[in-house]
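**Student:** Would you mind keeping the following structure in view while I ask a few things?
The values are calculated or read from the model by the stated rules, or taken from the named source; none is laboratory data. All figures in this text were calculated on a predicted structure; none of them were measured in a lab. As a convention, Cβ positions derive from the backbone with ideal geometry for all residues, glycine included, and neighbour counts pool all protein chains shown.
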Amino acid sequence: MNKLRKLTKAIGRICRHPYLLNLVLQDEGAAKEETLRRYACPDGLPLVELSTLFPDFQEKVFPYAYLSGATMPIDIALLKALAAKYGAKDYFEIGTWRGESVANVAEVVPHCVTFNLPKERIVALTHNPDYAGLHGFFSQSKAGVEQVYGDSQTFDFTPHEGKFDLIFVDGDHHRESVLKDTRTAFRLRRDERSIIVWHDYAYDPESIRWNVLSAILEGTPPEMRGRLYHVAHTLCAVYLPESLGTFETHKLSPYEAPRQCFEVALRAHDC
Ligand SMILES: C[S@@+](CC[C@H](N)C(=O)[O-])C[C@H]1O[C@@H](n2cnc3c(N)ncnc32)[C@H](O)[C@@H]1O
């Protein structure tokens, strides 16, 4: 098929199914090109090893269901390790789902707030009451966890601003949503020691999600971008209270030999 016929066919399809426009706007190749035009980051954020951040990295993750839409255990372990290292007292997350991340963080942080779309909105969007009903499964009766409902794109976060030591951005991962949530996250910080963690900065620990990176960079004040890192072996980007030395980071080189490996012990529990 020649290009003109392809274009005519594509326009016809977009007219019949306007949601297909999202596929164009979310294309990762185009997002990468645009990000590289605006920011000098051909390898994404500098990569920091867990052993650099935590010389004795050892965390237990429980509860964890190994089911769809879950954050990886190592990402949850990173949240717990950051909370412990920086003595976090107040945690805010955008995106609850089953409540796995917040239930784990609540083991080490006394006050946790988890924010999510309300159940009726999820049912309206997905037509799936079972999916909606599972929100907060692990966190709803957990001590120290407060559930707040709203749409992060329109919610007034003013009462929560300036109160949190650790903020986890893990809601809707479309570019515009991550941009808005990133701006919100910077306002939620208590002070200069506060940390932000973004989930789904990468599709897997060696493949950057360029739409998300571009939203993180745009939403981070320019003078603070030098404290953004990708934590090796995780899907997370972090904003740290201090800059790391260049010798403490390296660039992402997909398929290089692993510098670290981990011990994983699994034990089943009934829910
Ligand atoms: C990836 S899941 C969160 C996973 C959770 N942090 C964990 O690790 O266990 C994303 C969640 O964000 C919620 N969400 C999506 N868009 C949102 C929005 N605009 N405002 C608030 N929550 C949203 C979804 O309902 C879903 O529960």
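**Student:** Do you know which residues across region 71-90 are within 10 Å of the ligand (Cβ to nearest atom) and either under 15 Å from C112 (Cβ atoms) or in contact with a helix residue (DSSP H, G or I) (Cβ under 6 Å, 6 or more places away or on another chain) (or both)?
**Tutor:** T71, I76, L79 - these are the residues of region 71-90 that are within 10 Å of the ligand (Cβ to nearest atom) and either under 15 Å from C112 (Cβ atoms) or in contact with a helix residue (DSSP H, G or I) (Cβ under 6 Å, 6 or more places away or on another chain) (or both).
**Student:** Something else now. Does K80 satisfy being over 19 Å from V212 (Cβ atoms), assigned to a helix (DSSP H, G or I) and not hydrophobic (A, V, I, L, M, F, W, C)?
**Tutor:** So K80 passes the test.
**Student:** Please find, among E176, E107, the residue that is more than 9 Å from the ligand (Cβ to nearest atom), farther than 24 Å from R227 by Cβ and among the acidic types (D, E).
**Tutor:** E107
**Student:** Moving to a separate point now. Kindly establish whether D75 is under 20 Å from L235 (Cα atoms), of a type in the set (D, E, K, R), touching a residue at least 60 places away in the same chain (Cβ under 8 Å) and assigned by TED's automatic domain parsing to the domain that holds A202.
**Tutor:** Yes: the conditions hold for D75.
**Student:** Of everything in region 143-158 that's within 12 Å of the ligand (Cβ to nearest atom) and out of contact with any strand residue (DSSP E or B) (no Cβ under 7 Å at 6 or more places or on another chain), which residue is nearest to Y64 (Cα to Cα)?
**Tutor:** D151
**Student:** So how many residues does region 8-24 have that are among the basic types (K, R) and loosely packed, with under 10 Cβ neighbours inside 10 Å?
**Tutor:** Count: 1.
**Student:** Out of the residues in region 181-197 that are surrounded by fewer than 21 Cβ atoms within 10 Å (Cβ to Cβ) and among the basic types (K, R), state the one that is nearest to the ligand (Cβ to nearest atom).
**Tutor:** The extreme case among them is R183.
**Student:** Identify the single condition in (1) farther than 25 Å from Y64 by Cβ; (2) among the aliphatic types (A, V, I, L, M); (3) surrounded by 14 or more Cβ atoms within 10 Å (Cβ to Cβ) that V178 does not satisfy, given that it satisfies every other one.
**Tutor:** Failing condition for V178: (1).
Residues checked against (1) of a type in the set (K, R); (2) surrounded by fewer than 19 Cβ atoms within 10 Å (Cβ to Cβ); (3) away from the ligand (no atom under 16 Å from the Cβ); (4) not assigned by TED's automatic domain parsing to the domain that holds V197:
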| residue | (1), (2), (3), (4) |
| --- | --- |
| E33 | no, yes, yes, yes |
| S68 | no, yes, no, no |
| G95 | no, no, no, no |
| R98 | yes, no, no, no |
| H111 | no, yes, yes, no |
| A124 | no, yes, no, no |
| P129 | no, yes, no, no |
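**Student:** Checking L45 against (1) surrounded by 21 or more Cβ atoms within 10 Å (Cβ to Cβ); (2) within 15 Å of the ligand (Cβ to nearest atom); (3) in a loop (DSSP other than H, G, I, E, B); (4) not small (G, A, S): exactly one of these is not met. Which one?
**Tutor:** (2)
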